Amino acid sequence: MDRRDCIETTGNRAEAFEAFDDIPTNPNLGRTIGDVINARYGRRDVLRGMLGVGATTALFGTSAMVAPRPAAAAEVSRYAFDELGWGNDTQHHVAPGHVAQVLLRWGDPVLADAPAFDVANQTAAAQLGQFGYNNDYVGFVPLNEDGSRGLLCVNHEYTNEEVMFPGLGRQDRADFAGMTKEIVDIEMAAHGGTVVEIAKAADGTWSVVRDGAMNRRITPLDTEMTFSGPAAGHERLRTNDDPEGMSVIGTVNNCAGGMTPWGTWLMAEENFHGYFWTDAVDAEGKAVPDSGNPETTSYGRYGVPGRWYAWGREYDRWNVDAEPRMPNKFGWVVEVDPMDPTSVPVKHTALGRFRHEGAETTLAADGRVVVYSGDDNRFDYQYKFVSANPVTGDKAQDMQLLSEGTLYVARFDEDGTVAWLPLVHGEGPLTAENGFADQGDVVIDARRAGDLLGATPMDRPEDAQPRGDGTAYIMLTNNTRRTADEVNAANPRAENAFGHIIEIKEADGDHASETGTWSILVRCGDPAVTEVGAQWNPETSASGWFASPDNCAFDADGRLWISTDQGGNWGRTGKSDGLYGLETEGAARGTSKLFFRCPVGGELCGPYFANDGHDLFLAVQHPGTDGTTDLVGFGRDSTFEDPATRWPDFDPAMPPRPAVVVVTREGGGKIAT
Ligand code: FEO
Ligand code: CA
Ligand code: CA
């Protein structure tokens with residue numbers, strides 16, 4: 001796809017460039033439901049707030065419609081709440097009997113000396129003390145017995161300049177003509193992460209503790225980090241500013257993550273390729289591969305340089321023309337000790353280098369730590385890491401565990417088994433003859449190692465959540481580029497517009513097992529439209545089914561919760577993104593219920609259940625930006641001056657702000673019980 005085409009036709013910045021970076025696929029083999037809907041309901045033709053029902057009615061007649069049915073009987077459902085109705089509007093909504101409090105917004109001061117947010121007079125210095133943009137992963141570390149004080153750990157994945165700065169608009173569509181070094185610095189200061197103390201009052205209300213001793217911002221502007229594992233100090237990590245290959249400034253595109261059993265925070269570096277710049281571009285603005293750079297073949301597999309941001313125009317370290325190896329320092333999992341604000345974050349290379357969506361941990365039967373992580377790209381792979389040594393209970397010692405172990409990539413076989421293939425130098429094809437001189441090369445080029453091992457190309461592996469009993473759930477968000485020739489048992493739909501969820505049962509209930517079985521828990525999309533090919537428990541209501549699963553979590557009672565990110569394609573369903581309770585057990589397995597809805601243009605990140613399921617942290621990311629051309633009554637792209645919603649402030653002087661929301665029960669108690 002032409003760069004401009006893909007930018008024009010996909011609303012979400014990350015998705016636009018993922019599409020641009022796609023591995024070429026076979027020619028389309030025929031028209032599918034996606035083609036039919038897109039052809040008949042092009043975004044310029046119709047304001048599609050009701051497409052999910054309206055379009056399917058138009059295309060397939062009213063027989064395709066299902067009347068809303070009551071939620072599963074209370075004695076069956078383990079999710080005790082009255083389901084929300086589906087839709088999309090400027091507000092957030094939570095199931096009755098619950099309170100959703102906006103806790104932290106972009107720009108809110110999180111350091112004691114930070115100034116109040118002044119959207120009209122932003123500076124990088126101010127942003128370095130304020131909550132960053134596009135909150136994604138949320139974790140919580142309790143600081144007292146009842147968890148009424150704790151540290152919130154939040155990733156800030158990326159920035160949307162068109163709704164952050166007055167008069168700027170989408171700069172990637174304008175060859176960054178309006179960008180200045182000061183705006184670049186503000187963007188960098190708004191990325192990364194935040195550790196901030198929060199406290200719960202007797203009335204259940206949470207607030208930020210501005211002078212919390214552990215409060216800190218982590219950014220790609222000024223936070224120094226180090227490396228552990230097989231690629232630490234590797235020749236391919238040595239740069240002009242770091243001849244030892246042992247340090248780097250910052251982390252980018254921190255999407256989901258995880259909390260370790262020893263209380264540290266893992267930040268996953270996802271679309272790192274987009275931050276690297278080159279001056280060598282063709283007439284369409286696409287980077288021209290540099291034959292003089294020994295990393296060019298590797299970079300081709302990773303989509304480097306993506307040229308999403310102008311940072312490399314201002315800083316050599318984001319410019320592959322000046323620092324040809326710098327991209328090898330990104331695409332890792334970063335460990336942060338939130339209890340020590342002076343600690344140096346560590347990039348753990350043993351976990352491999354790819355577009356890590358998340359990094360959720362659990363324990364193997366023998367106490368070793370296991371980390372599940374997906375590579376969020378069309379046709380890329382699901383991985384897990386198993387540490388060499390077990391957890392000891394000594395935090396300093398346990399913080400070494402992610403430095404040594406075995407990285408595996410998944411092959412999903414047609415007979416329902418999953419084989420975890422070790423990425424070990426010298427074994428199988430991972431040899432010097434194939435370009436892997438050592439284990440450092442294997443982890444740096446984990447994708448190419450996975451190619452050679454015969455891993456299964458997936459429909460964009462997003463978050464993966466282990467339960468601790470050998471069960472894990474894998475979110476495959478969508479992949480409209482998969483052709484009929486390219487389907488496999490674990491990715492069974494061509495032009496998969498709505499995604500699916502795979503359940504893995506590791507052998508012997510042990511997360512360290514090298515084999516297991518797998519099955520598809522649900523195929524997402526509208527079950528009332530036969531051509532979609534969705535599969536849900538029939539008890540799922542018209543509000544309960546969803547599309548594009550992204551993040552997931554278990555609550556204290558082992559119930560699975562799924563949050564969605566349809567990007568600019570929510571018009572295909574008519575539904576905003578949200579949080580759903582999804583049954584995994586018994587007769588109700590595959591039944592989904594809608595618990596929380598985002599405001600238009602936002603995706604839902606988190607979720608994180610804390611304090612035995614009494615507090616639920618949700619991150620509403622990029623409200624007002626995605627697919628707003630489909631919002632009835634709005635029908636255009638959002639800008640700073642003219643956004644589709646001004647959530648959560650609804651102040652005419654304030655654009656929409658990404659924010660963390662905390663959900664509690666009215667009057668106290670566990671959520672959804
Ligand atoms: Fe950052 Fe794959 O979501
Ligand atoms: Ca995500
Ligand atoms: Ca996402």
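Derivation of every value follows stated rules applied to the coordinates shown; laboratory data play no part. The structure presented is a predicted model; accordingly, all values stated were derived computationally and were not measured. Glycine also receives a Cβ, built like all others from the backbone with ideal geometry; neighbour counts cover every protein chain displayed.
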**Asked** Where does the charge balance sit around PRO655 when Lys and Arg score +1, Asp and Glu -1, over other residues with C-beta under 10 Å from its C-beta?
**Response** -3
**Message:** What number results when the radius of gyration of segment 506-650, computed over Cα atoms, is divided by 2.2 N^0.38 Å?
**Reply:** 1.18
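Quick one: length gained pulling ASN389 to VAL424 fully straight, 0.36 nm per residue minus the C-alpha distance?
On the way: separation 35, 0.36 × 35 = 12.60 nm, distance 1.69 nm.
Gain on extension, ASN389 to VAL424, equals 10.9 nm.
Find how much the distance from GLU666 to VAL99 grows on full extension, using 0.36 nm per residue of separation minus their present alpha carbon separation; answer in nm with one decimal.
Working: separation 567, 0.36 × 567 = 204.12 nm, distance 0.60 nm.
Roughly 203.5 nm would be gained on extension.
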**Item:** Total formal charge among the other residues, if their Cβ is under 11 angstrom from that of ARG353, Lys/Arg +1 and Asp/Glu -1
**Value:** +3
**Request:** Among HIS98, GLY245, TRP332, flag the residue with its Cα farthest along the positive direction of the charge dipole of segment 3-665, charges on Cβ as +1 for Lys/Arg and -1 for Asp/Glu.
**Result:** HIS98
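Restricting to Cα pairs below 8 Å that are 6+ residues apart, what does the relative contact order work out to for segment 90-236? Please round to a whole percent. Let's see the in-between values first.
Values: 250 pairs, mean separation 35.2, N = 147.
That works out to 24 percent.
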**Prompt:** If each of ALA202 and SER519 carries a label point 7 Å out from its Cα toward its Cβ, how far apart are those two points in nm?
**Reply:** 5.0
**Message:** Using a 10 Å cut-off around each Cβ, can you sort ARG523, ARG460 from fewest to most neighbouring Cβ atoms?
**Reply:** ARG523, ARG460
**Request:** Would you be so kind as to identify which of VAL138, ASN160, LEU128 lies farthest towards the positive end of the dipole of segment 71-171, taking Lys and Arg as +1 and Asp and Glu as -1 on Cβ and the Cα centre as origin?
**Result:** LEU128
**Request:** Determine the calculated [θ] at 222 nm for the chain from helices alone, applying -39500 (n - 2.57) to every DSSP H run no shorter than 4 residues and normalising by the residue count; nearest 500 deg cm²/dmol.
**Result:** -3000 deg cm²/dmol
**Request:** Work through the residues other than ALA410 whose Cβ is under 12 Å from its Cβ and net out their charges, Lys, Arg +1 and Asp, Glu -1.
**Result:** -3
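Could you work out how much longer the chain between GLU145 and ALA174 gets when fully extended? Use 0.36 nm per residue separation minus the Cα distance between them, nm to one decimal.
On the way: separation 29, 0.36 × 29 = 10.44 nm, distance 5.25 nm.
The span from GLU145 to ALA174 would gain 5.2 nm if fully extended.
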**Request:** Using every pair of alpha-carbon atoms in the chain, split the distances into 10 Å bins beginning at 0 and state the percent of pairs per bin, rounded to integers.
**Result:** 3, 17, 29, 29, 17, 4, 0
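Evaluate the charge dipole of the chain about its Cα centre and quote only its size in Debye, nearest 20, assuming +1 on the Cβ of each Lys and Arg and -1 on the Cβ of each Asp and Glu. Could the numbers behind the result be given before it?
Details: 56 positive and 101 negative charges, 272 e Å.
For the chain, the charge dipole is close to 1300 debye.
Restricting to Cα pairs below 8 Å that are 6+ residues apart, what does the relative contact order work out to for segment 342-492? Please round to a whole percent. Intermediate values should be presented prior to the final figure.
Details: 303 pairs, mean separation 38.9, N = 151.
Answer for segment 342-492 is 26 percent.
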**Asked** Between SER343 and ASP321, what FRET efficiency comes out of the Förster formula 1/(1 + (r/R0)^6) with R0 = 41 Å and r the beta carbon distance, rounded to 0.05?
**Response** 0.75
**Prompt:** Which of HIS234, HIS156, HIS348 comes first, and how do the rest follow, when ranked by fewest Cβ neighbours within 10 Å?
**Reply:** HIS234, HIS348, HIS156
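Could you work out the relative contact order of the chain, using alpha carbon pairs under 8 angstrom and six or more residues apart, expressed as a whole percent? Could you put the intermediate results ahead of the total?
Values: 1811 pairs, mean separation 114.2, N = 673.
Relative contact order for the chain comes out at 17 percent.
Just to be sure I follow: if Rg is taken over the C-alpha atoms of segment 435-501 and Rh is the Kirkwood radius over the same atoms, what is Rg/Rh?
1.07
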**Request:** Mind giving me the nanometre distance, one decimal, between the label points for GLU531 and ASP118, set 7 Å out from Cα along Cα→Cβ?
**Result:** 5.6
